[in-house]
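The values are calculated or read from the model by the stated rules, or taken from the named source; none is laboratory data. Note that the structure is predicted; figures quoted are calculated from it, not measured. Note: ideal-geometry Cβ built from the backbone for every residue, glycine included; neighbour counts use all protein chains shown. Please note that ligands, DNA and RNA were not included when accessible areas were found on the heavy atoms of the full protein model with its side chains. Shrake-Rupley method; radii C 1.70, N 1.55, O 1.52, S 1.80 Å.
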Amino acid sequence: MSEIIEVIFSINTFTAAIRMATPIAMAAIGGVFSERSGIINIGLEGMILTGAFAAVVGSFFTGSPWLGLLAAILAGSLLGLLFAFFTIKFKADHVVAGVGLNILALGITTWLMQVVWGQKGASPEVNGLPEITLPILNKIPILGDLLAFHSPIVYIMFVTVFLSWLLLFKTSLGLRIRMTGEHPEAADTLGINVYFMQYFSVTLSGALAGMGGAYLSLGQLSWFSSNMSAGRGYMALAANIFGQWNPIGAFAASFLFSFSDAVQMRLQGINLNLASELIQMIPYLLTVIVLAGAVVKSKPPAALGEHYEVGK
Amino acid sequence: MKKNTIIILGILLLTIFTMNSLAAAEGRVAIVFATGGLGDKSFNDAAFAGIMAAKEKMDIEYDAAEPSSITEYETYLTQYSALRRYDLIISIGFDQADALNNVAQRFPDQKYAIIDTVVDQPNVASYVYEEKERGFLMGVAAAMLTTKADDPLTNAENKIGVIGGMKIPLIDANIAGFIAGAKYIDPEITVQHTYVGAWADPAKGKELAISMIEDDIDVIWGAAGRSGLGILKAAEERNIYGIGADSDQGHVAPGHILTNGMKFVNNTVELAIKQVLNDKFTAGVNVLGIEEGGLGYTESLLPENVVEKLEEVKNKITTGKIEIPATIDAARK
Amino acid sequence: MKAIELKKITKKFGNTYANNKIDFSVQQGEIHCLLGENGAGKSTLVKIIFGLYQKDSGEIKINDQIVKLKGPADAIARKVGMIHQHFMLVDSLTITENIIAGAEPSSKGFINYREAERKVRDLSEQYNLQVKVDSLVGEISVGEQQRVEILKALYRNAEILILDEPTAVLTPQETKELFNVLEQLKKSGKTIIFITHKLKETMQVADRVSVLRDGKKVGTVETSQTNPAELARMMVGREVLLKVNRTQNNPGEKVLEISNLNYKNKKSGLSLEDINFSIQAGEILGIAGVEGNGQLELEEVIAGLRSFQQGNIELNSKIINNFSVKERRKNGLAHIPSDRLKRGLIQNFNLANNLVLGSEWDSPYAYYSILNYNEINKFKDEIVKEFDLRYTKNNSIAGELSGGNQQKLIIGRELSRETNFILAAQPTRGVDVGAIEYIHKLLIEMRNNGKAILLISAELDELRSLSDHLLVIYEGKIVARGSTDKFTEEELGLLMAGHYQQGGENV
Amino acid sequence: MSKYKNILNSILAIIFALFVGAVLIKISGHSVKEAYYYLFYGAFGTSYNFAQTLLMTTPLIFTGLAVAIGFQSGLFNIGGEGQLYWGAFVTAIIAIKFTLLPGYLLIFIALLGGALAGGLWAAFPGYLKAKTGAHEVITTIMFNYIGILATTFLLKRYFKADGPVDQTVMLTKKARLPELITNTRLTWAIIIGIIVVFLVDQLLKRTAIGFDLKVVGENIFAAEYAGIKTGKYTILAMIISGAVAGLAGGTIVLGVLHRFITNFSPGYGFTGIAVAVLGRNKPWGVLLAAFLFGALEAGGMAMQLFADIPSDLMEIVQGLVILFVAAPAIFEIIFPVIKKNRGVESNV
């Protein structure tokens, strides 16, 4: 028993959870922006995958992982823009378009991998992002161990959580985005450009999810592997809802998912004489229990999923 | 009426197609890969290397299919068989057994080979491996390194680990061998084993490996398909020893791949093709162990004394002086 | 000087003209009423002035300059402000946030909330529009929400203010206050366009009035030169019976009795306290009150859509406290819901399916769950004929009907069942005069046929002309009751606003 | 009227998607003509290939229908994958354990059991939604993972056949669905699929249950008003949806795999979402959409076999079809003729 507690509360478990939460949280915050502006974003999975792929392609051709990261941001934004175009301009059903986008992204990345590298499973190895040690912080015990030794995208993630919160709740732009998602007509009558807010938010959503993907392929690893997002986009969607459409909440929810996953991994290591399948269920069961336990009563933006037509 | 027209048209076009592509080479083979596809840097890639070697040495042509689900196996096998132009059709992976079993009955004149499992048909040559033997060798190597005092990549703790892709019998045979091999060197060694739960989630594989490394494990074997790549990545980053699987994965984490638990699928594929082309195809089961050259290790970073020990163990296995338990529970005892 | 001048403004939706070559002008500094029935094209016209709709043809001049309004931003830039009929407010944001959005005082993108609140407070004092700057809009009263709407326009320095049906949700007292505010705004030089379909208000507040009918302008007159009867004629195109012919009723047995009803909504904190009343057969009981004082809660508690904590509801001598909606309906309840689009119908279903809603398990429409569309369609044809339902296509869906016809659809469905108690909530909301007349007549007819009717309405005139007895509800409590003729309009207004006074019996 | 417009839109969407696919083929240096010849050939070229198309179609009919039923009732059931695994698992266990039953009865009971299992598995998220408001999108995703892990666990612990693979023993001949065309793998599963399409269509169109399901899906407030127990119907919708998804698994087991194997589904549950969308959530529409996807997949395999073009291209085409179908406005912009006067309600 004590062994289990030791496993759960070790610093290593927490740092692992932070790493594993990073791609999910990035995408979840992307989801926050998108949904705060009124656009349901099921396409996060595809955006992560595309970002992961673009990052490796970028690094492969330029040799620089930083340019790879840039490529991921660009590709994510582009996919976000495409998604925005379909949902806003062409009034596509958000959920349906998102599902289409995910299939498209999976097809395109797998197909391009065969075009670029001639193989289907995984790309060749490229230069990945180095781990960066934060000065000063690394001297602090515990906190330093938790936070100071990570891939740059982990730091970017933490900064993103904070900045996104600031942006959404403290700035003009944030107020306008929130108003758009709650009541686009009200925003419109105040002279706020509803479409711009939505295009901006969904594109940003793509950029963030793309960065999350870059963390998978260049941060944690240094190559692309087919369908490597492995459902993280859906977890991000859940984290966004779970986190009440708030960047901090989204991070907290992502962390919860990842933490229980990290615990699961460590429990496998100590011989509990439990089937590995049962241990692997823990994160998913926990999510269902917490959600059903009505700890949160989520209230989505009022106009989420609707199409607004300016001057209809 | 309409449907008939389509079918006739199709048959017509097919005839034209087959006439176009008459083989000029000495032999022609088709290969149906396992669902992971090429680029796994292990099983499928090894099989592909075998094809390439055969092509170089024997002047063959080949066609290859990369199914994305197990329900597609039978389709690809049937399509290839129906063309009736291949000297041999090769199935890669244990999960093709049912599909091949059906197809082989329908095309009794076609010769097939399958790797990693047994299909009991008169026109199928099956190649299986004594997985636990490979595991044993890896266990011996890992144990000798973790107990080695002066190695910069190992620590004082005598802990090693192995990570499987999923909990399936083939993987468990390897793990059982690994545990037994380690205990053979030092019964006090701690051996952890876990599973990723997926063959194609390298990021998760890496995290799982890190969780072991943080528990002071300093030699880790990844037998987990593409997820295994993440495991080796972790070994490199955390500066411990990783052990590859199936192919020589030294390039994945240079300077950190202690050895590789080799499954010479390439040799097997090449052998199967050679047998067919030399009219020596024999249906039935070929069990490939260390003795038959189906399994082995790479010397990679292994110190000389370890290599010597491994050779000694190999000898003992082939002569039956070492009995390897078949299950994890048995090995843990 | 003309603040606004429109020439030959035309706007089509599909094949119908919402606005047809409308000429319209407003003098600077006047209060100009735009009068017309629902669907006459008033809202469309002002939305064009505010840039929300794009005209198909015509010309707009603001302050004698020809303008092109691509969106509200352009109108706002020309100091036009609009207070919408359905408030354009976000419940989850504060009053200040609602007011400043789109024109936030900020530095480097960050909103200066202190500055924002100061500005809003200053404005609110200047024009005597009391608001609590940091409350969430979802938690304030309707009257306060309207003040927020006006402040939104003033915050943007609006010189021309458009108010779309601003009094629909107000008590007479609040309406009076609003008119005071409008006078004050006029004094400070603002121009006001005021949309309404109420003749009395028009006469009270406007300098001039323009009347629209069927998308065309009928004429513009000075209020001092006209009278309500003339305006009504202009508005409807024929003589209108402004009074319903209500004969002495002949009450029978007690149909509904509510005793000591207590309900508390745990989420919103709204509650009903000690509600007691009964309705007899052949009687209409009206519930008067400003919206949001418990009417919706009362309606839904009686209909079985909310469960309550204490008391009894007895319908046809059965206590129905624990009856499901279905059981209540079987026991004689007919329900015309206050929100017809939300509750009353399914916009994507056709007429037949909407008419069978609630009876889909009953013979002859279904037999062991298998629907019999022959019967259902026959039923539809009957209702269409009986209630004069108008629709364009053979398989029209409910969402395509006009408001009046949607309401007839619901009423037709509810009244065609075996029932002796009609719960009629806002039965004429948002329907045209013709349909109002029809529905009023129908309710009286039902009463004369011996049905008990509970009428919940925000229209005082409607309540006064239909009800035999009235209850006044304020903050979830019944504050007065009595026969209708015991109340004057003035008294009702005061009671609805929470001032207990003589008139009827106070509780 | 709008029905034909929908069909026209779907056809245009398919043409557009194939066009974009052609551009990609060209870019990757292959012959478009050859590629699409094999696409067509692989889907319809021979009776075997046509059977192949129908074989690929079958599971998608069920999973597509499952998602469509959910949508009709206002629920987004992403949990088809987990429900399918339960359906497959229970079907296989019954088919293995109750071999004393006569053949047709055995098949019937096995499929029934699979449907029940899928329905029960879906009932949990339905119940949670009805009772606690837990969003079904999240819970069904989680239940996918849990369902797959749970069936794997049960298989290994209690039902695993000897040998190196995690699978049950082979079904006896009489427990297998009979072939429909000899020497193909096409079985009666597709007929069952069509029957289920018919039944679901009738359920939605002609029964009070279906009526109430649709009312709940269209307007939950109106449903309450009409006395429909919304919670009950939410759960019922999930059960029916899950049962149909369970049949997808059951028919694969009895018709194709002839046993339960871990990880056999390439994501039929997810593809079902796309199929439902393309079929506009109408049962017969789902059938057509499943057929299109089946043809694309069978054709895509031939394309890979004979023209050496990665079959993933067909995944791109599928994704594009969905995107275009979801956005009919795109064609109205490109072909203004299509844009009929859309009935916008006049002012409020």
What spacing in nm lies between the two simple spin-label points modelled at residue D:19 and residue B:106, each 7 Å away from Cα in the Cβ direction?
3.8
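Report the GluC sites (Glu not before Pro) located in region C:364-440 that are in a DSSP loop and have at most 13 other Cβ atoms inside 10 Å of their Cβ, or state none. Mind dumping the intermediate values first?
Working: sites: C:375, C:382, C:386, C:400, C:414, C:418, C:437; in loops: C:418.
When the GluC sites (Glu not before Pro) of region C:364-440 are filtered for loop state and at most 13 Cβ neighbours within 10 Å, C:418 remain.
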List the accessible area buried at the contact between C and D, summed over both sides and calculated with a 1.4 Å probe, in Å² to the nearest 100.
2600
With a 1.4 angstrom probe the carbon and sulfur portion of accessible area for region B:91-133, in percent, totals 43
Once Rh for region C:2-236 is found with the Kirkwood sum over Cα pairs, what is the Stokes-Einstein diffusion coefficient at 4 °C and 1.567 mPa s, in µm²/s?
71
Using a 1.4 Å probe over the heavy atoms of the protein chains, calculate the carbon and sulfur portion of the accessible area of region C:2-236 as a whole percent.
44
Under the Karplus relation with 6.51, -1.76 and 1.60 and θ = phi - 60°, whole-Hz ³J(HN,Hα) for region D:174-182, x at Gly and Pro, equal 6, 8, 8, 5, x, 5, 9, 10, 5
When the accessible area of each residue in region D:147-161 is compared between its chain alone and the complete protein assembly (1.4 Å probe; ligands, DNA and RNA ignored), which residues differ by at least 30 Å², being lower in the assembly?
D:149, D:153, D:156
Once you have all Cα-Cα distances for the protein assembly as shown, histogram them in 20 Å bins from zero and send the whole-percent values.
9, 32, 32, 18, 8, 1, 0
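Within 10 Å of each Cβ in C:356-367, how many Cβ atoms from other chains are there, averaged over the peptide? Walk me through the numbers before you get to the answer.
Numbers: counts 3, 10, 7, 3, 9, 7, 1, 0, 0, 2, 5, 1.
Per residue, the average neighbour count from other chains is 4.
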At a threshold of 8 angstrom on Cα-Cα distance, excluding pairs fewer than six apart, so keeping six or more, what relative contact order does chain C reach in percent?
15
Please express the shape of region A:1-97 as an equivalent ellipsoid: the semi-axes are the square roots of 5 times the eigenvalues of the C-alpha gyration tensor, given largest first in whole angstrom.
32, 22, 9
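For region C:2-236, what does the relative contact order come out to in percent, with C-alpha contacts under 8 Å and a separation of six or more? Don't jump to the answer; show the numbers that get you there.
Working: 467 pairs, mean separation 66.8, N = 235.
Relative contact order for region C:2-236 comes out at 28 percent.
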Can you tally the lysine pairs in chain A where the Cα-Cα distance is under 30 Å and the two residues are eight or more apart, or on different chains?
9
Eight or more residues apart or on different chains, and alpha-carbon atoms under 22 Å: count the Lys pairs in region C:385-507 matching that.
8
Using a loss threshold of 30 Å², tell me which positions in region B:23-72 are less accessible in the complex than in their chain alone. Probe radius 1.4 Å, ligands and nucleic acids ignored.
B:38, B:39, B:41, B:66, B:69, B:70, B:71, B:72
When the Cα centres of region A:1-63 and region D:278-302 are compared, how far apart do they sit, in Å?
33
Calculate the length of the line joining the C-alpha centroid of region B:234-290 to that of region C:293-320, in whole Å.
77
Over all viewing directions the Cα convex hull of chain A casts an average projected area in nm² of 17.5
Here FRET efficiency (C-beta to C-beta, residue B:149 to residue D:170, R₀ 45 Å, nearest 0.05) is 0.25
For residue C:4, list long-range residues whose amide hydrogen, built 1.01 Å from N in the peptide plane, is under 5 Å from its own amide hydrogen.
C:26, C:63
Using modelled amide H (1.01 Å from N, peptide plane; none on Pro or chain starts), what sits under 5 Å from the amide H of residue A:224, excluding residues fewer than 5 places away?
A:123
What whole-number value in Å² describes the accessible area per residue of the protein assembly as shown for a 1.4 Å probe?
38
Whichever aspartates and glutamates have a C-alpha closer than 12 Å to that of residue B:167, once near sequence neighbours (fewer than 8 apart) are set aside:
A:277, D:166
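In the structure shown, do any of B:55/D:26; C:11/C:61; C:8/C:55 have a Cα-Cα gap over 19 Å, and if so which? Write out the running numbers ahead of the final one.
Details: B:55/D:26 29 Å; C:11/C:61 17 Å; C:8/C:55 10 Å.
Violating the 19 Å Cα-Cα cut-off are B:55/D:26.
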Reported to the nearest 10 Å², residue A:18 has, with a 1.4 Å probe, an accessible area equal to 10
Compute the FRET efficiency between residue D:181 and residue D:161 as 1/(1 + (r/R0)^6), taking r as their Cβ-Cβ distance and R0 = 41 Å, and round to the nearest 0.05.
0.90
Can you run phi through the Karplus equation (6.51, -1.76, 1.60; θ = phi - 60°) for region A:186-192 and list ³J(HN,Hα) in whole Hz, with x for Gly and Pro?
4, 4, 4, 5, 8, x, 7
To the nearest 100 Å², how much accessible surface do chains A and B hide from each other in total, with a 1.4 Å probe?
2600
Buried on assembly, region B:165-186 (at least 50 Å² less accessible surface than by itself, 1.4 Å probe)
B:167, B:169
Protein heavy-atom accessible area occluded, D/A pair - total, 1.4 Å probe, Å²
3800
Using θ = phi - 60° and the Karplus curve 6.51 cos²θ - 1.76 cosθ + 1.60, what whole-Hz ³J(HN,Hα) does each residue of region A:81-97 get, with Gly and Pro shown as x?
4, 4, 4, 4, 4, 5, 7, 8, 6, 9, 6, 5, 4, 4, 5, 4, 4
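Mind checking the mean number of beta-carbon atoms from other chains within 10 Å of the Cβ atoms in A:147-156?
Numbers: counts 0, 0, 0, 0, 0, 0, 0, 0, 0, 0.
So the per-residue partner count for this stretch is 0.
Eigenvalues of the Cα gyration tensor times 5, then square-rooted: what semi-axes does that give for region D:54-289, in whole angstrom, largest first? Let's see the in-between values first.
On the way: eigenvalues 178, 76, 43 Å².
Values for region D:54-289, descending: 30, 19, 15 Å.
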Partner chain coverage, peptide D:306-315 - average Cβ within 10 angstrom
6
Largest to smallest accessible area among B:199, B:221 [probe 1.4 Å]
B:199, B:221
Rounded accessible area of residue D:280 (nearest 10 Å², 1.4 Å probe):
70
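If the limit is 29 Å between Cα atoms, which of B:280/D:156; C:318/C:380; C:132/C:342; C:326/D:214 go over it? Can you show the working numbers first?
On the way: B:280/D:156 39 Å; C:318/C:380 32 Å; C:132/C:342 31 Å; C:326/D:214 18 Å.
Too far apart for the 29 Å limit: B:280/D:156; C:318/C:380; C:132/C:342.
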